[in-house]
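One structure below.
The values are calculated or read from the model by the stated rules, or taken from the named source; none is laboratory data. All values reported here derive from a predicted model rather than from experimental measurement. Note that each Cβ is placed from the backbone with ideal geometry, even for glycine, and that neighbours are counted across all protein chains shown.
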Amino acid sequence: MNPAVTHPEEIRIAVQDESDVPMVRKRARDFGRGAGLSASAVESLAIALSEVARNIVVHAGGGGYVVLRRDEAGARRHVVAVASDTGPGIVDLARAMEDGYSTGTGLGLGLPSARRLADEFQILSSPGQGTTITLVMRIPEPAAR
C-alpha cells in the first residue's frame, strides 16, 4: 500500500438502532472504494452490510457492530466485513438462509441476498449467544501495464 495514501486498515461501526444502518452502508462504500474494490463490489458490499445491519437492529435489538478490514494473504487481497451481535441467535440457520423465510415482518431476503452478494460468506449463530456473519469481497489485481 502506498504510504502517501491514507486508508484505514480497519474500522468499527456500532449498530444500535435503525439510524445506524445508513451509516454502515456509507462507511462500507467509503471503505470499499479506498481499499480498491471494483464499483460493483463496493455496491454489493454496501447492500449486503445494510441487510445484515438491519437484521442486527430488528432481530437482535441492536447491541451489535460491523468491523471492516483489509486483508492480504499472499497475492490475494480482500475486504473482510464481520458483523456481530449479542442477540437471541438463530435457531434454524438452514431455514434462515432460505429466500422468503422470515421470523419478522420482512420479505426474508436479507441473509440469502447478503450471501449471494459476497464472494465468501459465513454465518455462525447459537441460540442465546448471538450471531456473527463474515463477508469477504476480493480486491481485483491491478491491471498489467
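Checking each residue in the stretch 27-85 for being free of Cβ contacts under 8 Å to residues at least 24 places away in the same chain and not in a helix (DSSP H, G or I) picks out 71, 72, 73, 74.
Being within 12 Å of the chain's Cα centre (by Cα) and modelled with pLDDT under 95 is a property that does not hold for residue 2.
Of all residues in the stretch 122-144, those that are on the phi < 0 side of the Ramachandran plot and either of a type in the set (Lys, Arg) or part of a strand (DSSP E or B) (or both) total 13. Among the criteria (1) of a type outside the set (Val, Ile, Thr); (2) in contact with a Gly (Cβ under 9 Å, 6 or more places away or on another chain); (3) crowded, with 18+ Cβ neighbours inside 10 Å; (4) under 30 Å from residue 128 (Cα atoms), the one residue 70 does not fulfil is (4).
For residue 82, state whether it is in contact with a helix residue (DSSP H, G or I) (Cβ under 7 Å, 6 or more places away or on another chain), of a type in the set (Val, Ile, Thr) and either at pLDDT 95 or above or buried (at least 18 other Cβ atoms within 10 Å of the Cβ) (or both). So residue 82 fails the test.
Determine whether the stretch 103-113 contains at least one residue that is at pLDDT below 80 and polar (S, T, N, Q). Within the stretch 103-113, one or more residues are at pLDDT below 80 and polar (S, T, N, Q). Of the residues making up the stretch 5-18, those that are within 18 Å of residue 80 (Cβ to Cβ) and at pLDDT below 90 number 3. Can you find a residue in the stretch 3-15 that is farther than 21 Å from residue 136 by Cβ, β-branched (Val, Ile, Thr) and in a helix (DSSP H, G or I)? Looking through the stretch 3-15, none of the residues is farther than 21 Å from residue 136 by Cβ, β-branched (Val, Ile, Thr) and in a helix (DSSP H, G or I).
Within the stretch 118-133, residues that are touching a residue at least 24 places away in the same chain (Cβ under 8 Å) and surrounded by fewer than 17 Cβ atoms within 10 Å (Cβ to Cβ) have Cβ atoms under 7 Å from residues that are of a type outside the set (Gly, Ala, Ser) and not in a strand (DSSP E or B) in these pairs: 127/88; 127/91; 128/88, counting only partners at least 6 apart in sequence or on another chain.
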